[in-house]
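The values are calculated or read from the model by the stated rules, or taken from the named source; none is laboratory data. Since this is a predicted model, take the numbers as computed values, not measurements. Heads up, the Cβs are rebuilt from the backbone with ideal geometry, glycines too, and the neighbour counts pull from every protein chain shown. Just so you know, the surface numbers come from the protein's heavy atoms only, side chains and all, with ligands and any DNA or RNA stripped out. Shrake-Rupley method; radii C 1.70, N 1.55, O 1.52, S 1.80 Å.
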Amino acid sequence: MAKKKGGKAKGGNEKKGAKVFKTKCSQCHTVEAGGAHKQGPNLHGFWGRVSGQADGYTFTAANKESGVVWGDKTLFDYLENPKKYIKGTKMVFAGMKKADER
């Protein structure tokens, strides 16, 4: 979800978000219920879940112990620079610097 100047959330764009997911995320993640894990975990149902909790996926201790609960703000901040947000994560994605892509 992109942020307006001043840090206030603005509404997302489902079509644009799907395109960003396809080009930047789908190589490593699936989103379908019961979908397979790839290099990263399946993301179905992750909203509101504590990081490191997807059944059948091996997370780093950093993810499991982070205490992060996924929501608008945490995901927005995480996607800017995953390795900085959760030090020790194995996510290799460099991040999305452009706020309107997050």
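A compact table of results
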read-out: Residue check for Asn81: open to solvent by less than 30 Å² (accessible area, probe 1.4 Å) and of a type in the set (S, T, N, Q); value: no
read-out: Qualifying helices (runs of 4 or more DSSP H) (wholly inside region 29-102; at least 1 residues being touching a residue at least 24 places away in the same chain (Cβ under 8 Å) and within 10 Å of the chain's Cα centre (by Cα)); value: 72-80
